[in-house]
Amino acid sequence: MTSLATFLRPLSIQPMQLVLALVIMFSTLIGAEFLLPSRFWSEELGNPVYDKIIPAKFGDWAQLPGAGGALVNPVQAEMIDKIYSETVSRAYVNQKTGRVMMLSIAYGRDQSTDTQLHTPDMCYPSQGFKVEAGRAALLKTPWGDIPTVQMQTSMGQRQEPLTYFIRTGDQMTTQGSLDRNLARLRMALRGYRIDGLLVRVSEVTRQDDAFAQQRDFVLALLSSMSKDDLPKVIGHLGRASR
């Protein structure tokens, strides 16, 4: 069993992975409770509370009190309550430049197939936003490369470029459901029911350096976090030495 789990480390999509994906879908369809692991990966992480983990101030950024709920969430409240165990919505102002960055964190303790994380390309259009196709971008950090998606969204005159990334169990995964399903299977082989975290950073701006600013914001945020908290945000990468 260990050798199989080792084999299923993140790879580019191969025929064997497609077969495994079909196995996952079949297991989902039959929905037998005994197929689900009894242990939750969230417990291994210490049942994280992201409202406490994410600092109110880091680097040149300071939280704008009371601004997060009004600025950040384009997702209906009833959907949030149904899908997620915790959400954090904040706005931060750069004390040097005055630019405002919006941070949204969505956490699901149990990422079974009926409680998948909803990515921005799914939830933004439902709130009237026009969404251009996202592009994959690797965020290089001292702990390793994080796969992210950069996306341009708009509603009327409002331009809101955004960057998001996903942690699925112990792995950083892409926006594709296949990648996340493979992560689910890897964790199941280790005896865990996975959790999931989606981190989204956005800014209402027309400036060309928006994605670069979002990259720097994320790096400053991660650099401010303790070694104990990093794995709760970036999975196994957080255990790498700086």
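We did not get these values from a lab; they are worked out from the coordinates using the rules stated. Nothing here was measured: the structure is a model prediction, and the numbers come from that model. With ideal geometry, Cβ positions are generated from the backbone for all residues, glycine too; neighbour counts draw on all protein chains shown.
Some observations on this one:
- Lysines whose Cα lies under 21 Å from that of Lys140, excluding same-chain neighbours fewer than 8 positions away: Lys227, Lys232
- Straight-distance candidates among the lysines for linking to Lys96, with alpha-carbon spacing under 20 Å and chain neighbours fewer than 8 residues away dropped: Lys57.
- Taking other C-beta atoms within 10 angstrom as a stand-in for reagent exposure, Asp110, Asp229 fall in the order Asp110, Asp229, fewest first.
- Taking a straight line from the alpha carbon of Lys82, these aspartates and glutamates sit under 13 Å away, with near neighbours fewer than eight places off in the same chain left out: Asp110, Asp114.
- For Gln214, the shell of other residues with beta-carbons less than 15 Å away shows a net charge of +1, using +1 for Lys and Arg and -1 for Asp and Glu.
- Estimated vicinal HN-Hα couplings, Hz - region 158-174 in sequence order (Karplus 6.51, -1.76, 1.60; Gly, Pro = x): 7, 9, 9, x, 9, 10, 9, 9, 10, 9, 10, x, 9, 10, 8, 10, 7
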